[in-house]
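Here's the structure, in structure tokens; my notes come after.
The values are calculated or read from the model by the stated rules, or taken from the named source; none is laboratory data. Since the structure is predicted, the reported quantities are computational estimates derived from the model, not experimental observations. Cβ coordinates were reconstructed from backbone atoms using ideal geometry, including for glycine residues, and neighbour counts include every protein chain displayed. Just so you know, the surface numbers come from the protein's heavy atoms only, side chains and all, with ligands and any DNA or RNA stripped out. Shrake-Rupley method; radii C 1.70, N 1.55, O 1.52, S 1.80 Å.
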Amino acid sequence: MRFSGAALAAGLQLPTAALASHGSQKPLGDDRLDSTPATKGGKQPNIVFILTDDQDLHMNSLDYVPLIKKHLLDEGTLYKRHYCTTAICCPARVSLLTGQQAHNTNVTDVNPPHGGYPKFINQGLNNNYLPIWLQEAGYNTYYTGKLFNAHTVENYNSPYPAGWNGSDFLLDPYTYNYLNSSFQRNQDPPKSYEGFHSVDVLAEKSLGFVDEAVRADGPFFLGIAPVAPHSNVESNTLGDDMGDDWGNLPDIEEFAKFGPPVPAKRHEHLFKDVKIPRTPNFNPDKPTGANWVRLRKKLNQENIDYNDHFYRQRLRTLQSVDELVASVVGRLEEHGVLDNTYIFYTTDNGYHISQHRLNPGKECGFEEDINIPLIIRGPGVAKGVVSEIVTTHVDLAPTILNIVGLPHRADFDGEAIPLSRKDIEDTVKTRHEHVTVEFWGFAVSEGGKLFDEDEERLTLNNTYKGLRIIGRGYNFYYAVWCNNEHELYDLSTDPYQINNLLHPTTTKPKTLLGVEFHKVIARLDSLLFVLKSCKGRTCVRPWEALHPQGNVANLHDALGKRFDVFYEQQQKKVRFDRCELGYIVDAEGPQFEMDGVVYTAGAEGGYKRGGVSWSEWT
């Protein structure tokens, strides 16, 4: 049943417009020598996990949230090179909660048949994800806010999401409607909060769960997932099956009306002169990228003015999140549990507005879409530190299990993130240097208004495999699209990804990293070949799959001249056989596990090149 805002007003105390400081926090050591997270008084630590929606890093959103700076950035570590692996809501959230890449969860979209809550259930993941494991370790688990797309007012109980002692979920089709949200608490039917701001409702529910968790016996995990700063969407769909027919996909505007996010009334006046940062890739004079991105026309002034307004609305809406964070930290401190609580702050994916001539949206492999905020504070976590180690969403579940003392799972595609200053320094030379980036399906322009009469809101053929690799002396993004176009950016010299070195019109450099250009491409392609279908440890240590002897650990090692024939002639290349809307293996070209070759040691200490398939070796 749906209830009006007036009917609920009496029982709902919303947060005040300005939240006061909650005093100083007791300093915690950030130079611990052990790799096991610290706990206070021998008690298991609590965990609060705050997950925003579509928050950017590259448009400087963290510069506009002073309370998050005070309570999280100044008291914890910002992981500057944190990446999502699939730049869209539901697949990113499933990867985060399972520790697996989307090609292993096979949840690759926001709606069925390839994604959404029904796909999560059909894949058997409802009984094998983070809250289940935490409950098995003696934790009480709570969650409020957005869980997955296509989790609706009709399917919320078929079945209920497993693993939560207490829950209050935002539900479709009202998830992105800031002033008309619907929440569903525990086993109760959904309720409407029409007229109240969604993030304010969530803040009150979050504080209630902190109180409940502290009263209960045992450590707790609390997930808090505000919809901000996602665009406002008025939808009449319940996450229906989109089908697989490329020629008959529905017109998205028939069932979803997009617009800028809606801030709370108290924040509407803020940032009136702020504009999107005018970086070199902001509406560039020349086209960038590949495939459909390369065909984008330059934005006109009316379009840019609108996009600046959209950007300001995002910043204004984040003010409610800023207050939410401060209120939760304050409540933890009031209960005396803050010193023994880890707080994670991140988002599902990034966002672009006007970069590469793109209207508001995500789903691309550019830094704006995949490089996102991650802040962690808690016992033993380095304070006020900015770390440059590479971390990804599939590293977060292993990190949380490490905190609570559970063993690493063999099916994890990531590894635990170091938290103390010493552990961060110790792992700089040994930590993985790559991110597997993958996407299937279409891209959506979320701006609410289309300014080009030829523009379509839904862009097909947005399926691609990408590799982000950052190491000593190199910083690359390499991708292969389903139409077999290729991309390469050298972010050491081209940090805004303007010059695609593999586009036919680009003059390619003769050398890269001190060797011929094509030799570097061959290594990157082989690495992506392994990663696009990897499982478990191979996702973390992919060079070992190519070189089982263990003599190659990074791109520098792989550039050895003795490997030239292996990489350039014998190894299969990444390619697609056709474009698909989801993960369909027979469309994705050769697979390393079946078709790849490994570089093996000869009996006399030399090397024989190729001739040994991955399946034969294993």
For the table K286/K508; K465/K535; K257/K449; K362/K465; K383/K422; K69/K205, the rows whose alpha-carbon distance is greater than 21 Å are K69/K205
Set of aspartates and glutamates with alpha-carbon distance to K119 below 16 Å, sequence-local pairs under 8 removed | D109, E154, D172, D240, D241, D244
Taking Rh as the Kirkwood radius, which is the inverse of the mean 1/r over Cα pairs, what is the Rg/Rh value for the range 254-311?
-> 1.05
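Per DSSP H run of n ≥ 4, the term is -39500 (n - 2.57); total these for the chain, divide by its residue number, and report the mean residue ellipticity at 222 nm rounded to 500 deg cm²/dmol. Working shown, then result.
Values: 16 runs with 141 residues, N = 618.
Calculated mean residue ellipticity at 222 nm is -6500 deg cm²/dmol.
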Highest-first arrangement of 576-583, 314-321, 201-208, 157-164, where packing means the average Cβ count within 10 Å | 314-321, 201-208, 576-583, 157-164
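Peptides 215-226, 400-411, 369-380, 94-105: what's the order by average Cβ count within 10 Å, highest mean first?
On the way: 215-226: 19.8, 400-411: 16.4, 369-380: 24.3, 94-105: 26.4.
With the highest mean Cβ count within 10 Å placed first, the list reads 94-105, 369-380, 215-226, 400-411.
Would you mind counting up the charge near K519? Only other residues with Cβ under 13 Å from its Cβ, with Lys and Arg at +1 and Asp and Glu at -1. Could you put the intermediate results ahead of the total?
Numbers: positive: K508, K510, R523, K561, R562; negative: E516, D525, D564, E568.
The answer is +1.
I'm checking a number: the convex hull volume of the Cα atoms of the chain, normalised per residue, in Å³. What is it?
On the way: hull volume 93.2 nm³, N = 618.
About 151 Å³ per residue, rounded to a whole number.
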Within straight cross-link reach of K429, meaning Cα distance under 18 Å, which lysines are found once same-chain residues fewer than 8 apart are removed?
-> K80
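Under 14 Å from the Cβ of F221, count the other residues' Cβ atoms, weight Lys and Arg +1, Asp and Glu -1, and hand me the total. Can you show the working numbers first?
Values: positive: none; negative: E136, E212.
Around F221, the surrounding residues sum to -2.
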State whether the range 62-218 is rounded, prolate or oblate according to the following rule on the C-alpha gyration tensor (a ≥ b ≥ c being the square roots of its eigenvalues): a/c under 1.5 gives rounded; otherwise a/b larger than b/c gives prolate, and the remaining case gives oblate.
-> rounded
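Determine Rg/Rh for the range 487-565; Rg is computed over alpha-carbon atoms and Rh is the Kirkwood hydrodynamic estimate from the same atoms. Write down the numbers at each step before the final one.
Numbers: Rg = 13.9 Å, Rh = 13.9 Å.
Here the Rg-to-Rh quotient is 1.00.
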Percent carbon-and-sulfur accessible area, the chain, ignoring ligands, DNA and RNA, probe 1.4 Å | 49 percent
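Please calculate how many Å² of accessible area the range 368-419 carries per residue, with a 1.4 Å probe and no DNA, RNA or ligand atoms counted. Mind showing how you got there, number by number?
Values: 1150 Å² over 52 residues.
Ligands and nucleic acids excluded, the result is 22 Å² per residue.
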Given a 1.4 Å probe and the protein chains all in place, what does the accessible area of K297 round to, in Å² to the nearest 10?
-> 110 Å²
Excluding ligands and nucleic acids, what accessible area in Å² is computed for H547 using a 1.4 Å probe, to the nearest 10?
-> 0 Å²
Based on Cα positions only, what radius of gyration and what Dmax would you give for the range 298-354, in angstroms?
-> 17.4, 54
